[in-house]
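So the structure is just underneath, and the comments pick up after that.
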C-alpha cells in the first residue's frame with residue numbers, strides 16, 4: 001500500500017517550503033490493526049498536508065478501508081499513533097474524528113439506506129432550521145456552507161419542465177419540482193448578503209440514448225414523430241448538452257447579474273399533443 005501526495009506526483013515537484021515547515025493536517029505513524037489472527041494493517045504511515053491531495057493506493061484487501069476507518073474513528077489502532085496539526089489524538093468514535101475536522105465519505109452507497117445521498121454526506125453534522133419538533137435538514141445552507149466561507153459562489157437547482165406543464169399523470173413529481181422554483185427567489189434573497197447567487201434551471205424533454213423518450217422513439221417512430229410535431233414547436237427534443245451549457249453559464253461569473261430566477265430550457269415545449277400519442 002502506497003500513499004503519495006498526488007499534487008507532487010502530477011507536478012513532479014516538492015511542496016513549497018511553507019507547507020513542509022508546517023505540521024501535517026493529519027498524520028498516521030506506524031499504524032497496525034489486527035482482527036484476531038488477521039493482520040489488516042502493519043506499520044502504515046501517512047501524512048496529509050495543507051494544499052495537497054493525498055492518494056491512497058493498494059490492491060483489494062491491502063487495508064485501505066481499514067486505514068480510512070482508523071483515521072475516521074471507526075477503528076482504534078492496536079499500535080501506532082494519530083496526530084492532527086502535530087498533536088497526538090485518540091478517537092473513540094467517528095464523532096471525535098468529525099469534531100477534529102476529519103469528515104469521511106464511505107465507499108458504501110449509503111450508510112443510512114433510507115436517507116438521501118445528501119443526508120448521508122452530512123450525517124451527524126447536519127445544518128438545520130426550525131426548532132423542536134419542527135427542526136429539519138436545511139439543504140440550501142448545506143450547499144452554501146463552503147461558499148459562505150469564501151464569500152462567493154453560485155447554486156443552480158435542477159427543476160423540470162413538468163412543474164410548468166399541465167401533466168396530471170406526473171402531478172407529485174411536478175409539485176416537488178415546482179417547490180424548487182417557488183423557493184429560488186427566497187433562497188437568493190437569503191444568501192445574496194454572503195455573495196452567493198441562487199438560480200434554477202427547468203429542463204424540458206430531452207433525448208438521451210436509452211432514456212424514456214429514446215425507448216418510445218424505438219417502439220414507435222411514427223407516434224414519436226407525431227408527438228414531436230404537436231408538442232415541440234422547434235421540431236425536436238432538447239439535448240443534455242444544451243441543458244448543461246445553461247447550467248454552466250449560470251454557475252459562472254459571467255452570470256453574476258442573474259439571481260433568483262428560473263430558466264426554462266425547453267424549446268417552448270407544449271403539453272397539448274393528442275392523448276393517444278403521449279408516451280407517459
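Read the figures in this text as sums done on the coordinates, not as results from a lab. Being a predicted model, the structure only gives us computed values, none of them experimental. Here the Cβ is made from the backbone with ideal geometry for all residues, glycine too, and neighbour counts use every protein chain on show.
Quick notes on this structure:
- When Rg and the Kirkwood Rh are both derived from Cα coordinates, the Rg/Rh ratio for the stretch 133-257 amounts to 1.06.
- Net length gained if the chain between residue 38 and residue 145 were fully extended (0.36 nm per residue, minus Cα distance): 34.4 nm
- Remark: spin-label model distance residue 79-residue 158 equals 4.8 nm, labels positioned 7 Å along the Cα→Cβ axis.
- Between the beta carbons of residue 240 and residue 59, assuming R0 = 22 Å, the FRET efficiency works out to 0.05 to the nearest 0.05.
- Average Cα contact separation per residue, the stretch 165-267, under 8 Å, 6 or more apart, as relative contact order %: 39
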